[in-house]
Amino acid sequence: MQINRTYTSRGTSIDVASIGAFGSQFADKMFVMKYNEGLGWHDAAIRDFEPFVLSPASLVFHYAQEIFEGQKAYKWEDGRIVLFRPEMNVDRFNKSAERMCMPVIDEEFFMRILMETTWENRDWIPQKDGYSLYIRPTMIATEPVLGVRPSSEYIFFIINSPIGHYFSEGYKPVNILVSDGYVRAVQGGVGEAKTGGNYAASLRIMKDARKKGFTQVLWLDGRENRYIEEVGTMNMCFIREGKLVTPALTGSILHGVTRDSVMVLARHMGIDVEETRLDIDEVCRDIDSGKITECFGCGTACVISPISGLCFREKIHTVDGGKIGKITQSVYDYLTGIQYGKIKDDFGWIREVTELSG
Ligand code: COI
């Protein structure tokens, strides 16, 4: 399919100092294409970043048939522009689409769209460590009908946002509130799909958590309210007796690209890795006894976020004095080193974006 260029904006350079809160500023071009049952995907275009005109009856507004992805483009010191493991996002997007009864996008074409949109917005990629261009591919159901059923029309779009750190604290240890009562997802639900409803469901307790001074909420499983699942914007990792342990993918947890990368890097660094069930009571005991020496969250937006403590049932369990752990720091340095072109990528994760792809 041809990708038309209909934009009028001429691009502008991004001033790193002017980058505000995560995702609050947008590059001036976006990718858009439409889908109609019987016709498939059509009208692919890179156009000006501008509002959509949608019927108020569009299915997305009523029954939340929506999916998205999060990934980043980096501008290296030598000017090269790269994406990090974009195939994993493409694959996860299509899996989310299947779960939410939405049309998939041909993987090769998806990669082309990512490359071309990133290239067109290349002047918006901040060239500085810790900064990047956040890429948000999204699909929404647009058929104007109030019956509860899959839409026969969709819009797929990609918007780009120049960003720095996800948390206002920057790369600093954060305290997390463990949810005791509210749940995010259950097995058989849509927890492993990247769909807006999962995030909407997290807002109530997140607001309470923020009021109490916590940065994020850690969810327990929806059945027994006992096993650690994930934090709303990141997967969880602990260092227990020198081993990296992380909750297994049980069907209600997001398949994190950063989670997978962290496990690969840890193994490469000679650290044992285990995906397992983590009982919250046991984890709190292990933190208090010093068996667990480090804790961090990982995700595309937040990269690696050191966690100083977990608050469960009004008690704060501080991990090793609340400082950034050695392994956490090494994994962070290795991962960001590859992403920013400072360390050789021995894993085949980096994809260069060039003019040829445009
Ligand atoms: C990401 O890490 O890219 C995410 O999608 C989390 C987001 C909701 C900020």
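For the reader, a short list of remarks on this structure follows.
- Listed here are the strands (runs of 3 or more DSSP E) enclosed by segment 162-255 that have at least 2 residues being touching a residue at least 40 places away in the same chain (Cβ under 8 Å) and under 26 Å from Glu98 (Cα atoms): 216-220, 228-231, 234-240.
- Residues of segment 257-284 that turn out to be charged (D, E, K, R) and over 27 Å from Cys311 (Cβ atoms), as a count: 3
- Segment 8-34, residues that are open to solvent by 70 Å² or more (accessible area, probe 1.4 Å) and closer than 27 Å to Pro103 by Cα: Phe26, Lys34
- The residues in segment 35-80 that are open to solvent by less than 50 Å² (accessible area, probe 1.4 Å), under 23 Å from the mean Cα position of the chain (by Cα), of a type outside the set (A, V, I, L, M) and farther than 28 Å from Arg351 by Cα can be counted, and the count is 1.
- In segment 217-242, residue nearest to the ligand (Cβ to nearest atom) [restricted to those that are farther than 13 Å from Gln187 by Cα and among the polar types (S, T, N, Q)]: Thr233
- Within segment 7-39, being hydrophobic (A, V, I, L, M, F, W, C) and closer than 30 Å to Ser151 by Cβ holds for Phe22, Phe26, Ala27, Met30, Phe31, Val32, Met33, Leu39.
- Residue within segment 93-102 that is small (Gly, Ala, Ser), open to solvent by 20 Å² or more (accessible area, probe 1.4 Å) and more than 14 Å from the ligand (Cβ to nearest atom) present: no
- Options Ser24, Ser9; residue that is of a type in the set (Ser, Thr, Tyr), out of contact with any helix residue (DSSP H, G or I) (no Cβ under 6 Å at 6 or more places or on another chain) and within 16 Å of the ligand (Cβ to nearest atom): Ser24
- For segment 298-335, a residue qualifies if it is within 16 Å of the ligand (Cβ to nearest atom) and part of a loop (DSSP other than H, G, I, E, B), and the qualifying residues are Thr300, Ala301, Cys302.
Okay, residues lined up against (1) more than 15 Å from the ligand (Cβ to nearest atom); (2) outside the structural domain of Ile81 (by TED's automatic domain parsing); (3) without any contact (Cβ under 8 Å) to a residue 24 or more places away in the chain; (4) charged (D, E, K, R):
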position	(1), (2), (3), (4)
Lys128	yes, no, no, yes
Pro137	no, no, no, no
Thr142	yes, no, no, no
Gly147	yes, no, yes, no
Glu153	yes, no, no, yes
Phe156	yes, no, no, no
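The values are calculated or read from the model by the stated rules, or taken from the named source; none is laboratory data. Note that the structure is a prediction, hence the values are computed from the model and not measured. Using ideal geometry, Cβ is built from the backbone for each residue, glycine included, and neighbour counts are taken over all protein chains shown. Only protein heavy atoms, including side chains, enter the accessible area calculation; ligands, DNA and RNA are left aside. Shrake-Rupley method; radii C 1.70, N 1.55, O 1.52, S 1.80 Å.
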